[in-house]
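Just so it is clear, none of the values below were taken in a lab; they were calculated from the coordinates. All values reported here derive from a predicted model rather than from experimental measurement. Neighbour counts are summed over all protein chains in view; Cβ atoms, including those assigned to glycine, are modelled from backbone coordinates with ideal geometry.
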Amino acid sequence: MLLRLTKIFTFEMAHALPGYDGACRHIHGHSFRLEVTVRGKPLHAPGHPKDGMVMDFKDIKTLTQELFVRRYDHALALPDNTAPEVVAQIEQHFGNVVLLPFQPTCENMIALCVEALRPAMPAGVELFSIRLSETGSAFAEWNLADTLS
């Protein structure tokens, strides 16, 4: 039987979308909610400390924190074509600027998360879905099934 496990994370991140034709072109922040879902078969090994588990929730937490959340929590994400003098000024006064090779949209942030987590899954476990909410009513989602079509 295949089962899915989901671990939820929250982090704070600011970003700006230069050139965008709406308010999001300005620096602003979100309290992001990240839902990471993995899929696999529970281990059937009586006496094994992980008997009955698809993956330890602690391991999902460790991987996600190390490979994604810590990098972006309390950071300002900007495209890497942002003027170097602007980046230098922001870093000097506020620190923790992350430059990305694209607009730091919710959709692009999910792609980064998938690229980081998918190859790190242990044998027999696959990354099944990612949901990243910018607000309580707006999110983007990636699902393994969509990549198989």
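What number, rounded to the nearest 500 deg cm²/dmol, is the helix-based mean residue ellipticity at 222 nm of the chain, given -39500 (n - 2.57) per DSSP H run of at least four residues and division by all its residues?
Values: 4 runs with 34 residues, N = 149.
Calculated at 222 nm, the ellipticity per residue is -6500 deg cm²/dmol.
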- Summing Lys, Arg as +1 and Asp, Glu as -1, what charge do residues with Cβ under 11 Å from the Cβ of Gly29 carry, Gly29 excluded? -2
- Message: Using Cα-Cα distances under 8 Å and only pairs 6 or more residues apart, what relative contact order does the chain have, in percent?
- Response: 28 percent
